[in-house]
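To keep things clear, I will list the structure first and then write my remarks on it.
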């Protein structure tokens, strides 16, 4: 069984979570070239490395962020979204 | 086993014919008991302004006989078992307030509220929920938002065992899952592993 640590609820079975994919920079459709906008909408990054992803703990409907190594599938850390806002 | 029907009972509905287990593992339906959920920005400020001190997330507080359940930063559930008057007053004040006050999460209609009790309630709960809910890990003021009987649920300790809140549409399913777990516990001796 895989365990993921929810910042609010603590360590739980991975079954209790839903993944929402990597955090992506928001783009302004009026200022983005068509090719870039198309790429933003229809292409997914698939590079090796560490990615920050949105996750949801389903029973509490709590959204948070997780840093995950895409090669080893190891979750490095999980944290509340307010931490990201504080950084940016 | 003596049994009672699931609330709300509707002839021909999904819960038709479903019985709640009773005996060494007893399931009681408290869905008709008063409760009120507030959610969204302003909820905490409104409740605080009305004299309710809120516990930390996933903890239970008390106010005028009500349980104050903090399910998230701005997600609060008030359970008023035997304190319907205090809750009715608070709900009336909330309804009449035109300022910032969060919004009603309709927990009185959306969620079922059931109580697992009886001699083998802890053993049944072990089969229904993957979390460590032993008394030294999970106290009377703790809330677990997790899965119970394969469905998303909020659970906490009550005097008799455990209370479970979940989607009301799953009432019959939950009753059947609990009855199945109860059947596996009936022949067990109590406290084999020091569980209380």
Answer residue from the stretch A:52-68, given it is away from chain B (no Cβ under 14 Å) and surrounded by fewer than 16 Cβ atoms within 10 Å (Cβ to Cβ) and is nearest to residue A:25 (Cα to Cα) among those: A:52
Scope the stretch B:145-168; condition away from chain A (no Cβ under 14 Å) and either part of a strand (DSSP E or B) or buried (at least 17 other Cβ atoms within 10 Å of the Cβ) (or both); matching residues: B:157, B:158, B:161, B:162, B:163, B:168
Index of the failed condition, residue A:54 passing every other in (1) in contact with a strand residue (DSSP E or B) (Cβ under 9 Å, 6 or more places away or on another chain); (2) modelled with pLDDT of 95 or more; (3) in a loop (DSSP other than H, G, I, E, B): (3)
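Among the candidates A:43, A:77, A:39, A:85, which residue alone is touching a strand residue (DSSP E or B) at 6+ places or on another chain (Cβ under 6 Å) and free of Cβ contacts under 8 Å to residues at least 12 places away in the same chain? Break it down into steps so the answer makes sense when it comes.
On the way: A:43 fails: touching a strand residue (DSSP E or B) at 6+ places or on another chain (Cβ under 6 Å); A:39 fails: touching a strand residue (DSSP E or B) at 6+ places or on another chain (Cβ under 6 Å); A:85 fails: touching a strand residue (DSSP E or B) at 6+ places or on another chain (Cβ under 6 Å).
The unique qualifying residue is A:77.
With in contact (Cβ under 8 Å) with a residue 24 or more places away in the chain, in a loop (DSSP other than H, G, I, E, B) and surrounded by fewer than 17 Cβ atoms within 10 Å (Cβ to Cβ) as the only criterion, which of B:41, B:82 stands out?
Details: B:82 fails: in contact (Cβ under 8 Å) with a residue 24 or more places away in the chain.
Just a single option satisfies the conditions, and that option is B:41.
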Matching residues in the stretch B:119-144 - criterion: being away from every other protein chain (no Cβ under 14 Å) and more than 18 Å from residue B:165 (Cα to Cα): B:119, B:120, B:123, B:134, B:135, B:136
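Which residues, taken from the stretch A:11-21, are away from chain B (no Cβ under 14 Å) and at pLDDT 95 or above?
Residues of the stretch A:11-21 that are away from chain B (no Cβ under 14 Å), as a first pass: A:19-21.
A:19, A:20 - these are the residues of the stretch A:11-21 that are away from chain B (no Cβ under 14 Å) and at pLDDT 95 or above.
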Residue B:171, sole failed condition from (1) closer than 27 Å to residue B:44 by Cβ; (2) in a helix (DSSP H, G or I); (3) not assigned by TED's automatic domain parsing to the domain that holds residue B:71: (1)
Qualifying residues in the stretch B:106-127 (those that are within 15 Å of the chain's Cα centre (by Cα) and outside any helix (DSSP H, G or I)) - the one surrounded by the fewest Cβ atoms within 10 Å (Cβ to Cβ): B:106
Output for the stretch B:40-69, where each listed residue is closer than 28 Å to residue B:116 by Cβ and touching a helix residue (DSSP H, G or I) at 6+ places or on another chain (Cβ under 9 Å): B:52, B:54, B:63, B:64, B:65, B:66, B:68
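Is it true that residue A:8 is at pLDDT 95 or above and either within 14 Å of chain B (Cβ to nearest Cβ) or more than 21 Å from residue B:58 (Cα to Cα) (or both)? Working first, answer last.
Details: at pLDDT 95 or above: yes; either within 14 Å of chain B (Cβ to nearest Cβ) or more than 21 Å from residue B:58 (Cα to Cα) (or both): yes.
Considered against the rule, which asks whether it is at pLDDT 95 or above and either within 14 Å of chain B (Cβ to nearest Cβ) or more than 21 Å from residue B:58 (Cα to Cα) (or both), residue A:8 comes out as yes.
The values are calculated or read from the model by the stated rules, or taken from the named source; none is laboratory data. Quick caveat: nothing in here was measured; it's all calculated off a predicted structure. When we count neighbours, we look across all protein chains shown, and the Cβ atoms used for this are built from the backbone with ideal geometry, even at glycine.
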